[in-house]
Amino acid sequence: SAANQALSIADLAVIARRRLPPGVYGYVSGGSEDQSSLRANRDAFDGWRFQTHPLVDVSRRELGVTLFGTRYAAPLGISPMGVTAICGFDGDVAMARAAREANLPFVLSAASTTPLERVAEAYPGMWYQAYVPARTEVIGPLLDRVAGAGIGVLVVTADVPIASARENELRNGFSLPLRLSTKLVWGGLTHPRWMAETFARTLLRQGVPHFENFTAQRGGPIIAAARGDHRAGRAALSWKEIAWIRERWAGKLVVKGVLRAADAQLAQSIGVDGIFISNHGGRQLDGAVASLDALPAIAAAAPGLTLLLDGGVRRGTDIIKAVSLGAHAAFVGRPAMYGLAAGGQAGVAHALALLRRELDVDLALLGCPDVARLGPAYLCRAHRPVP
Ligand code: FNR
């Protein structure tokens, strides 16, 4: 397929852009307001250069890492993304299967449209990301449902108290739940392959996709004029509820959307096992610090906390930089979605394989035979001209 011709994540993005209606591509690729955090995530990686260690035996490379007691093939995973079904048929299961086959972690989004139990069947070791309101009577049954599906790692997203302003979505006539705007319909008509392979199949074979995984109950259809009330109470969410969840949830607990050392320490003091250092891929507060820029201070302040980083990871070298600065693993959002749009499950697998291969090659070129040995000795600040 075309996806397999892609030599890089950037190539996959080009294919995805061609295949998807502008509104859908905009939803995936875009950020909020001026998109400055989206750019900053990428720029932060460019702010570091490698110090190679020549004449080190790199004939055998160890890429594997252990996260929450599970051994994975590489310090790489798929971050949670909502409504993958609009980018590829059965998107949640396709992503889960691709991650499982690559032996990498996958986080199912609360805003997914496949019942979490079905995705957990496809990948029993998957993680689940929750959006929770500040109402323990709602959180409790959700935790029971997630535990009942055999899920061992719960990720609670903390950076979406309310929806952000995504102007590109408004300009493209895109909204969730999907509203059949003129622009969206036109986008569909001019992308017949997407209509036939993704949209129509999703509707015909799976019925109207639902927000399935917000609560213990089933959610509302995503194609609807009315918004469900799944967001009710999220703005009031606080560390108090995280502490409550910690008491009640026996598995591993991760908070997603931490950017400050003090918050990492607070999470650790509550008994949280890990955090996602993340600005939601530049999709929430525009101007939020780039995740890679936030990493070093957090790594220094919270030893022992499992640090997962996402935002702008597009190359094996990005993974190496994140791990060298103290992350236990780097995660990708959009690259997996571009893979899905370009080639379904095989496209996601290709995205993961590209990153894994780059990681392997780049480790050798760097002169580091084991990701566990990565550290500040491999990096220096890029020289930036004085403006
Ligand atoms: C997201 N992200 C996200 N995060 C989350 O906690 N729950 C969610 O439902 C979603 N949904 C979502 C949809 C789409 C289309 C994107 C692109 C992102 C954020 C995601 O988990 C992750 O933090 C970023 O995507 C990482 O940045 P990159 O790799 O996309 O640059």
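The values are calculated or read from the model by the stated rules, or taken from the named source; none is laboratory data. All values reported here derive from a predicted model rather than from experimental measurement. Positions of Cβ are generated from backbone atoms using ideal geometry, with glycine treated the same way; all protein chains shown enter the neighbour counts.
Points worth noting:
- Qualifying residue in region 323-333 (condition: surrounded by 24 or more Cβ atoms within 10 Å (Cβ to Cβ) and farther than 20 Å from residue 293 by Cα): no
- Restricting 123, 128 to residues that are within 14 Å of the ligand (Cβ to nearest atom) and aromatic (Phe, Trp, Tyr) narrows the list to 128.
- Only one of 322, 302 that is within 14 Å of the ligand (Cβ to nearest atom) and small (Gly, Ala, Ser): 322
- Only one of the numbered conditions (1) more than 23 Å from residue 235 (Cβ to Cβ); (2) within 16 Å of the ligand (Cβ to nearest atom) is violated by residue 118, and that is (2).
- Residue 74 in contact (Cβ under 8 Å) with a residue 40 or more places away in the chain and assigned to a helix (DSSP H, G or I): no
- Leading residue by the ranking (surrounded by the fewest Cβ atoms within 10 Å (Cβ to Cβ)) among those in region 55-83 that are β-branched (Val, Ile, Thr) and within 16 Å of the ligand (Cβ to nearest atom): 83
- Consider region 148-200 and keep the residues that are in a strand (DSSP E or B) and not polar (S, T, N, Q). The one that is surrounded by the fewest Cβ atoms within 10 Å (Cβ to Cβ) is 178.
- Subset of region 260-293 that is in a helix (DSSP H, G or I) and either farther than 24 Å from residue 240 by Cα or in contact (Cβ under 8 Å) with a residue 40 or more places away in the chain (or both) - its residue that is nearest to the ligand (Cβ to nearest atom): 281
- Scanning region 294-333 for residues that are in a helix (DSSP H, G or I) and under 21 Å from residue 13 (Cα atoms) yields a count of 4.
- Selection status of residue 102, closer than 30 Å to residue 380 by Cα, among the aliphatic types (A, V, I, L, M) and more than 11 Å from the ligand (Cβ to nearest atom): no
- Meets criteria (touching a residue at least 12 places away in the same chain (Cβ under 8 Å), crowded, with 22+ Cβ neighbours inside 10 Å, more than 19 Å from residue 78 (Cα to Cα) and more than 13 Å from the ligand (Cβ to nearest atom)) for residue 365: no
Residues checked against (1) at pLDDT 95 or above; (2) touching a Phe, Trp or Tyr at 6+ places or on another chain (Cβ under 9 Å):
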{"site": "135", "(1), (2)": "no, no"}
{"site": "146", "(1), (2)": "yes, yes"}
{"site": "152", "(1), (2)": "yes, yes"}
{"site": "177", "(1), (2)": "no, yes"}
{"site": "182", "(1), (2)": "no, no"}
{"site": "210", "(1), (2)": "no, no"}
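- In region 13-54, residue nearest to the ligand (Cβ to nearest atom) [restricted to those that are within 29 Å of residue 195 (Cα to Cα) and among the aromatic types (Phe, Trp, Tyr)]: 27
- Of residues in region 337-362 being in contact (Cβ under 8 Å) with a residue 60 or more places away in the chain and over 13 Å from residue 6 (Cβ atoms), the one surrounded by the fewest Cβ atoms within 10 Å (Cβ to Cβ): 360
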